[in-house]
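The values are calculated or read from the model by the stated rules, or taken from the named source; none is laboratory data. Remember, predicted model here, so these are calculated numbers, not experimental data. Neighbour counts are summed over all protein chains in view; Cβ atoms, including those assigned to glycine, are modelled from backbone coordinates with ideal geometry.
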Amino acid sequence: MATFPPPGSVVVADWHRYKDSKEYFSKILHKKRRRNFGLLESPVMPPHVAVDTVHYKIFISGKSGVGKTALAARLAGMNIPSMHHETTGIETTVVYWPVKLKESSRVLFFRFQLWDCGENALRRFDHLLPSCKEQVDAVLLLFSFTDRTSFDDLPNQLAKWSEPSVRRVVKMVVGTKFDLFMHCDVAERDIRDFQETWGIPVQRTGGEVTDGLGDVASLLNCLAENLWHQDCITAGSASHHSQQETVTLL
């Protein structure tokens, strides 16, 4: 079972509220709103500020109507569609997010390329899912607090992403429409039981997108933290394997 670092143990939590973050976050804002980046665009820092960018591919998975497209829009600071329309193919959204590593105080720009594909399109066209899974680094498994069946389907989703043929990916569960508590079909007790059984924390999202960064900071920091943690583990394993080979050759 995958191990998740304690929240705030890898990256500085709520760094967007600190004074030393303003120069970095200003590069993803335009007139106090989130800047939309195309596939070939990136934040531009002054020459004296050297910031590395790490790239990750994120696939958003879940039943039709749970809010996959809305989540991508929320994370990118875009307007959330007012009407639900099934995504007809693959849509990609680029999100930049500056992070300060806790141990080294190093600042990185995380570039998340979010992949969103409609459930019906995945069923009709066999080549779409392999394209989404190719070189993917993380998968966001979505359920809606207003749709019990989407929550009950999570074990099936997790099973698909735990097969031996799937490369190691960070798996995160996100509950959408958390603000619609009057129509909630998933109780907090269910969430606690799921987390204890699967060892996977559940993120919550919902409500209107604001001009600030607070409504996405928790989820994006969690995603960055788990991806960086996994990369460090992978790099450590590769280094250990290389040392073993060297000892064997000697």
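Data table
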| quantity | calculated |
| --- | --- |
| Checklist (1) closer than 30 Å to E23 by Cα; (2) in contact with a helix residue (DSSP H, G or I) (Cβ under 9 Å, 6 or more places away or on another chain) applied to S105, failing item | (2) |
| Complete set of residues in the stretch 66-82 that are among the small types (G, A, S) and either assigned to a helix (DSSP H, G or I) or surrounded by fewer than 17 Cβ atoms within 10 Å (Cβ to Cβ) (or both) | A70, A72, A73, A76, S82 |
| The stretch 144-172, subset more than 17 Å from G67 (Cα to Cα) and among the basic types (K, R), residue modelled with the lowest pLDDT | R167 |
| Residue among D52, D14, D20 that alone is over 16 Å from the mean Cα position of the chain (by Cα), among the acidic types (D, E), modelled with pLDDT of 85 or more and on the phi > 0 side of the Ramachandran plot | D14 |
| Where a residue in the stretch 21-34 is free of Cβ contacts under 8 Å to residues at least 24 places away in the same chain and its partner, wherever it lies, is in a helix (DSSP H, G or I) and of a type outside the set (S, T, Y), with Cβ under 9 Å and at least six apart | K22/H16 |
